[in-house]
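In what follows, a structure is listed as structure tokens, so that the remarks can point back to it.
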Amino acid sequence: LGDPRGSGVHEGNDLMVAKDRPLLAVVDATVRRIYVDNGTASQGNMLVLRNVDEELTAADGGDMFRLLEIKAIVACGLVGGGKLRALMGVHQTTARHWTDAEIQSVRGIAERCWATIEARAAEEKLKMNEQHLRAVIETTPESVMLLPAEGAILEANPAGLRMNEVETFESIAGNPVD
């Protein structure tokens, strides 16, 4: 490579930058491209590079990885909605033969992380839906009351309070409905 500054890579503000992009973003984009180009872009499929010097050309990003002294990579794709959303991986500064156990460990960690991310996203969506429903119920001009099968009032909106001629929910909470 010669002088990295001559190739568009330079240091600035304690951050290496390649062509005005943070170098980690360039690494991420390169690994994503390799992952997708290898046809491995599905949940749980692995990108395994044991020796970057032997397996990647300059056009594949090999020079960039060599500049960063990355010689081996194992990465697992996190796919959602049929699209590659993220890659979780491990790299090493020396070439190495990744064992099946190491590859499976990265896969397991990535899948657990993705499951956690999806669960949190679902929880956030549920929370937003509940807030939306609450806003609709609270602002609707019609009476809305939550009643279980036995008929005791569990919840009422302001219109329901007016219909029952009370000012606070506590005044009718638990009362049976005829």
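Here are the numbers:
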quantity: Every pair of residues 6+ apart whose Cβ atoms lie under 8 Å, when the first sits in segment 132-144 and is exposed (fewer than 10 other Cβ atoms within 10 Å of the Cβ) while the second is assigned to a helix (DSSP H, G or I); calculated: P141/A159; E142/A159
quantity: Test: residue in segment 77-93 that is free of Cβ contacts under 8 Å to residues at least 12 places away in the same chain and either β-branched (V, I, T) or touching a Ser or Thr at 6+ places or on another chain (Cβ under 8 Å) (or both); calculated: no
quantity: Complete set of residues in segment 66-75 that are within 15 Å of R96 (Cα to Cα), outside any loop (DSSP other than H, G, I, E, B) and either basic (K, R) or over 25 Å from the mean Cα position of the chain (by Cα) (or both); calculated: R66
quantity: Test: R112 is over 17 Å from I73 (Cβ atoms) and of a type in the set (K, R); calculated: yes
quantity: Residue match in segment 100-119 (condition: surrounded by fewer than 10 Cβ atoms within 10 Å (Cβ to Cβ) and within 30 Å of E54 (Cα to Cα)); calculated: yes
quantity: Index of the failed condition, Q92 passing every other in (1) modelled with pLDDT of 85 or more; (2) touching a strand residue (DSSP E or B) at 6+ places or on another chain (Cβ under 6 Å); (3) crowded, with 17+ Cβ neighbours inside 10 Å; calculated: (3)
quantity: Restricting segment 26-61 to residues that are over 22 Å from R107 (Cβ atoms) and either among the basic types (K, R) or buried (at least 19 other Cβ atoms within 10 Å of the Cβ) (or both), the residue that is modelled with the lowest pLDDT; calculated: V26
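The values are calculated or read from the model by the stated rules, or taken from the named source; none is laboratory data. Treat the numbers as computed from the prediction; the structure is a model and nothing was measured. Neighbour counts run over all protein chains shown; Cβ positions are idealised from the backbone, glycine included.
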